1. Out of the residues in the stretch 78-110 meeting the condition of being part of a loop (DSSP other than H, G, I, E, B) and crowded, with 18+ Cβ neighbours inside 10 Å, tell me which one is modelled with the highest pLDDT.
2. Which one of these is farther than 19 Å from residue 8 by Cβ and touching a helix residue (DSSP H, G or I) at 6+ places or on another chain (Cβ under 7 Å): 60, 81?
3. I'm told residue 69 meets every condition in (1) out of contact with any helix residue (DSSP H, G or I) (no Cβ under 8 Å at 6 or more places or on another chain); (2) without any contact (Cβ under 8 Å) to a residue 24 or more places away in the chain; (3) not in a loop (DSSP other than H, G, I, E, B) except one. Can you identify the failing condition by its number?
4. Of the conditions (1) over 25 Å from residue 24 (Cα atoms); (2) in contact with a strand residue (DSSP E or B) (Cβ under 9 Å, 6 or more places away or on another chain); (3) outside any helix (DSSP H, G or I), residue 114 satisfies every one except a single condition; which number is it?
5. In contact with a strand residue (DSSP E or B) (Cβ under 8 Å, 6 or more places away or on another chain), under 18 Å from residue 38 (Cβ atoms), surrounded by 14 or more Cβ atoms within 10 Å (Cβ to Cβ) and modelled with pLDDT under 95 - does that describe any residue in the stretch 52-70?
6. Residue 81 - would you say it is without any contact (Cβ under 8 Å) to a residue 24 or more places away in the chain, under 23 Å from residue 127 (Cβ atoms) and under 14 Å from the mean Cα position of the chain (by Cα)?
7. Tell me which residues, restricted to the stretch 88-109, are closer than 21 Å to residue 128 by Cβ and either under 13 Å from the mean Cα position of the chain (by Cα) or without any contact (Cβ under 8 Å) to a residue 40 or more places away in the chain (or both).
8. Considering the stretch 16-43 alone, what residues qualify as being without any contact (Cβ under 8 Å) to a residue 12 or more places away in the chain and either in a loop (DSSP other than H, G, I, E, B) or under 24 Å from residue 110 (Cα atoms) (or both)?
């Protein structure tokens, strides 16, 4: 019997229904988000601590591998990276068996296959960010 272990995550693709993602800039913005949504924000230690302490699903946009490593320590759902560091971030996630999923930022659906070949957990369209 075949069991599906995982599938590539596609957030923002018009052909696939995806979870609700809500952008925030500060902790105070969380009050106005839906309770079942994933909050999206740029790397910020204060927000990382708050979302972890309050068990809030979060997606963190990182700028470099150091931020990727820090974000993974805060139990974030998604770590969002640029194409330039996606493979290295995925290698770190795989090596340390992180629960966080690595999402590469893309602009078009043509970039999905390239990320799949590099075994990136998923992609998120730039328009969502």
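The values are calculated or read from the model by the stated rules, or taken from the named source; none is laboratory data. What you see is a predicted model, and the numbers here were worked out from it, not measured in a lab. Cβ coordinates were reconstructed from backbone atoms using ideal geometry, including for glycine residues, and neighbour counts include every protein chain displayed.
1. 100
2. Only one candidate passes the filter, namely 60.
3. Failed condition: (1).
4. Against the list (1) over 25 Å from residue 24 (Cα atoms); (2) in contact with a strand residue (DSSP E or B) (Cβ under 9 Å, 6 or more places away or on another chain); (3) outside any helix (DSSP H, G or I), residue 114 comes up short only on (3).
5. no
6. no
7. Those that are closer than 21 Å to residue 128 by Cβ and either under 13 Å from the mean Cα position of the chain (by Cα) or without any contact (Cβ under 8 Å) to a residue 40 or more places away in the chain (or both): 89, 90, 93, 100, 101, 102, 103, 104, 105, 106, 107, 108.
8. Hits for the stretch 16-43 are 16, 17, 18, 33, 35.
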